[in-house]
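Chemist: Just dropping this structure here.
The values are calculated or read from the model by the stated rules, or taken from the named source; none is laboratory data. Here the structure is a predicted model, which is why all the values come from computation and not from measurement. Glycine gets a Cβ as well: all are built from the backbone with ideal geometry, and neighbour counts include every protein chain shown. For accessibility, only protein heavy atoms count, side chains too; no ligands or nucleic acids. Shrake-Rupley method; radii C 1.70, N 1.55, O 1.52, S 1.80 Å.
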Amino acid sequence: MTYEHAADARNRMAHTRDFAERLEIALASWLDTAAPYHEFAAQFFRTAADPSSSLSPFSNDSHPARATAVQLFRDVLEGSELAPKLDTELVELLPDVLWLHLMVVVLYWVFDRTPDTERTREFVRRSTPMAARVINLSRYRVFRPIVRDAKGLIQDFILPTIGKTAVR
């Protein structure tokens, strides 16, 4: 499903450079691609939530799918008008952070029982402009200390818990 999602999202965002729009397209595309599996989401989530499970999106076994998704979010950023305006270090980190945003959407989606997961779709519609504004604000010097602190937390505590390579 990850590869289908990435191809669909890239196709949908091909003609826009607005970062917030590209991010919303990528997240909405995931919701559309995952829709047929929603009735099984809770069972899958029980297994995927186990840190030792190969089905966990954070596991080493999930590295190929996760790398595909992170690359999609790299494309979301790099194809936007925002990327050239951001600090290089932030551009390198953001695809992983945007993938984590997707993981929040997935968690919300698992528990969403509204028709056509409308609450999750509304969450995506409302959270993407806010995420874009926060990322855009990171360019300004006054926010640099906060950005560096957040970057340090993500690099020191979140990213090390995510498997980086496939188990061989």
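Chemist: Go through segment 33-60 residue by residue and tally those that are in a helix (DSSP H, G or I), closer than 13 Å to Val110 by Cβ and not aliphatic (A, V, I, L, M).
Modeler: Of the residues in that region, 9 qualify.
Chemist: State whether the residues of segment 34-49 include one that is open to solvent by less than 70 Å² (accessible area, probe 1.4 Å), over 28 Å from Pro115 (Cβ atoms) and out of contact with any strand residue (DSSP E or B) (no Cβ under 8 Å at 6 or more places or on another chain).
Modeler: Checked segment 34-49: no residue is open to solvent by less than 70 Å² (accessible area, probe 1.4 Å), over 28 Å from Pro115 (Cβ atoms) and out of contact with any strand residue (DSSP E or B) (no Cβ under 8 Å at 6 or more places or on another chain).
Chemist: Please specify each residue of segment 117-168 satisfying the condition of being open to solvent by less than 70 Å² (accessible area, probe 1.4 Å), part of a loop (DSSP other than H, G, I, E, B) and touching a residue at least 60 places away in the same chain (Cβ under 8 Å).
Modeler: Of everything in segment 117-168, those that are open to solvent by less than 70 Å² (accessible area, probe 1.4 Å), part of a loop (DSSP other than H, G, I, E, B) and touching a residue at least 60 places away in the same chain (Cβ under 8 Å) turn out to be Ile162, Gly163, Ala166.
Chemist: Sticking with this structure for a sec: Give me the pairs, please: first residue somewhere in segment 36-48 and within 23 Å of Asn60 (Cα to Cα) and at pLDDT below 85, second residue anywhere and surrounded by 12 or more Cβ atoms within 10 Å (Cβ to Cβ) and not aliphatic (A, V, I, L, M), beta-carbon distance under 7 Å, and either six or more positions apart or on two chains.
Modeler: Thr47/Ser53; Ala48/Ser56; Ala48/Pro57
Chemist: Being open to solvent by less than 30 Å² (accessible area, probe 1.4 Å) and either of a type in the set (Lys, Arg) or in contact (Cβ under 8 Å) with a residue 40 or more places away in the chain (or both) is the filter here; which residues of segment 50-67 pass it?
Modeler: Initial filter on segment 50-67 (open to solvent by less than 30 Å² (accessible area, probe 1.4 Å)): 53, 56, 59, 62, 66.
Within segment 50-67, Ser59, Ser62, Arg66 meet the criteria.
Chemist: Among the residues of segment 1-32, how many are modelled with pLDDT under 95 and under 13 Å from Val106 (Cα atoms)?
Modeler: Residues flagged as modelled with pLDDT under 95 and under 13 Å from Val106 (Cα atoms) within segment 1-32 amount to 1.
The rows are residues; the columns are (1) farther than 16 Å from Val91 by Cα; (2) modelled with pLDDT of 90 or more; (3) in contact with a Leu (Cβ under 9 Å, 6 or more places away or on another chain).
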residue	(1), (2), (3)
Arg126	yes, yes, no
Arg133	no, yes, no
Arg139	no, no, yes
Arg144	no, no, no
Ile154	no, no, yes
Ala166	yes, no, no
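Chemist: Right, next: Being more than 26 Å from Gln155 (Cβ to Cβ) and in contact with a His (Cβ under 7 Å, 6 or more places away or on another chain), is that true of even one residue in segment 3-18?
Modeler: No, there is no match, as no residue in segment 3-18 is more than 26 Å from Gln155 (Cβ to Cβ) and in contact with a His (Cβ under 7 Å, 6 or more places away or on another chain).
Chemist: Those residues that are at pLDDT 95 or above and either more than 26 Å from Arg144 (Cα to Cα) or surrounded by fewer than 18 Cβ atoms within 10 Å (Cβ to Cβ) (or both), I need them from segment 78-100; list them, please.
Modeler: Answer for segment 78-100, where residues must be at pLDDT 95 or above and either more than 26 Å from Arg144 (Cα to Cα) or surrounded by fewer than 18 Cβ atoms within 10 Å (Cβ to Cβ) (or both): Glu78, Gly79, Glu81.
Residues checked against (1) acidic (Asp, Glu); (2) more than 17 Å from Phe19 (Cα to Cα):
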| site | (1), (2) |
| --- | --- |
| Arg66 | no, yes |
| Ala69 | no, no |
| Asp75 | yes, no |
| Trp99 | no, no |
| Val106 | no, yes |
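Chemist: Let me ask you something else. Mind listing whichever residues of segment 104-116 are assigned to a helix (DSSP H, G or I) and open to solvent by 40 Å² or more (accessible area, probe 1.4 Å)? Let's see the steps before the verdict.
Modeler: Here is the first cut: in segment 104-116, the residues assigned to a helix (DSSP H, G or I) are 104-111, 115-116.
If the condition is that a residue be assigned to a helix (DSSP H, G or I) and open to solvent by 40 Å² or more (accessible area, probe 1.4 Å), then Val104, Leu107, Tyr108, Phe111, Pro115, Asp116 are the ones that fit.
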